Amino acid sequence: MRRMDARELERLVERARRLAGDGRRRLLGIAGPPGAGKSTLAERLAARLDGRAVLVPMDGFHLAQAELERLGRAGRKGAPDTFDAAGYTALLGRLRAAEPGTTVYAPAFDRALEEPVAGAIPVPPDVPLVITEGNYLLHDEGPWAAVRPLLDEVWYVDLDDRRRVPRLVARHIRFGKEPDHAARWVADSDEANARLVARGRDRADLVVRMS
């Protein structure tokens, strides 16, 4: 579990609460490299906001494994072109509009199956804050460049590589990869993606340091 000082977490909760304070639909993005603690922070924020926030992870827009194999991209799962970026952007537009009386359904990602699950996350129209987290919210190439303008704020989660990489390997093992395979996957795939993600760090509204 990624750790954070309790006072720092409270400060972040209050910042998120203020973002949604006027009752209008706001979108908060949480970006960062694989294994930095994006999901942990996003889940904690959503839990602390007393029903005023819904978490919609970007990972629900992973392409299905069969499609990755058809495209020859299965060995690079997690790279920018292994997601439906246009679909994610379209969903953010619908969430931002918050049409009265309309619940928007977002996909989730099942780590045990390593597959997206359609229509798994309901977002009621009266929820003032949508928290979305993922690697490429600050990526400025191709269809990903359309994401940042749809978000009111983006926070970048930073964790020292000496802690992040071993935790990322451990996560892959926990979800079924053999230790050697997990280590190779992180070195060859996840870290290439991490370097790409890090290029967007300076475009964030806030850098959150995890430990």
Residue exposure sequence - Met58, Met4 - by fewest surrounding Cβ within 10 Å: Met4, Met58
DSSP beta bridge pairing in the chain, given as percent antiparallel to the nearest 5: 30
Rounded to the nearest 10 degrees, what's the angle between the helix 161-174 long axis and the longest principal axis of the chain, both from Cα atoms, 0 to 90? 80
Amide H of Glu153: which non-local residues (sequence gap of 5 or more, or other chain) have their own amide H closer than 5 Å, using H built in the peptide plane? Leu27, Gly29
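Sorted by average packing, counted as other Cβ atoms within 10 angstrom per residue and highest first, what order do 86-99, 34-47, 116-129 take?
On the way: 86-99: 16.8, 34-47: 21.1, 116-129: 15.0.
Averaged packing, sorted descending, gives the order 34-47, 86-99, 116-129.
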Normalising by the residue count of the chain, find the relative contact order in percent from Cα pairs under 8 Å and 6+ residues apart. 32
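Which loop chymotrypsin sites (Phe, Trp or Tyr not before Pro) in the stretch 105-201, with loop taken from DSSP, have no more than 15 other Cβ atoms within 10 angstrom of their Cβ?
Values: sites: Tyr105, Phe109, Tyr136, Trp144, Trp155, Tyr156, Phe175, Trp185; in loops: Tyr136, Phe175.
Hits after loop and neighbour filter: Phe175.
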With +1 on the Cβ of every Lys and Arg and -1 on the Cβ of every Asp and Glu, the dipole magnitude of the chain about its Cα centre, in debye rounded to the nearest 20, is 540
For the stretch 32-139, build the charge dipole from Cβ charges (+1 Lys, Arg; -1 Asp, Glu) around the Cα centre, then report which of Gly75, Pro107, Ile121 sits farthest towards its positive end. Gly75
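Of all GluC sites (Glu not before Pro) in the stretch 124-211, which ones are in loop regions per DSSP and have a Cβ with at most 13 other Cβ atoms within 10 Å? Before the final figure, lay out the partial values.
On the way: sites: Glu133, Glu141, Glu153, Glu191; in loops: Glu141.
Of the GluC sites (Glu not before Pro), the ones in loops of the stretch 124-211 whose Cβ has at most 13 other Cβ atoms within 10 Å are Glu141.
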Name the long-range amide H neighbours of Phe83: under 5 Å, sequence gap of 5 or more, or other chain; modelled H, no Pro or chain starts. Leu63
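First check a/c for the stretch 1-46, with a ≥ b ≥ c the square roots of the eigenvalues of its C-alpha gyration tensor; if it is under 1.5, answer rounded, and if not, answer prolate when a/b is larger than b/c or oblate otherwise.
Details: a/c = 2.98, a/b = 1.50, b/c = 1.99.
Because a/c hits 1.5 or more and a/b fails to exceed b/c, the stretch 1-46 counts as oblate.
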Relative to the longest principal Cα axis of the chain, at what angle does helix 38-48 sit, 0 to 90 degrees, rounded to 10? 30
Order by neighbour count: Leu55, Leu68, Leu113, fewest other Cβ atoms within 10 Å first, most last. Leu113, Leu68, Leu55
Any chance you could give the angle, 0 to 90 degrees and rounded to 10, that helix 85-97 forms with the longest Cα principal axis of the chain? 20
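Since every read-out is calculated from the coordinates, none of them should be taken as a lab result. Predicted model only: the values in this text are computed from it and were never measured. We place every Cβ from the backbone using ideal geometry, glycine too, and count neighbours over all the protein chains shown.
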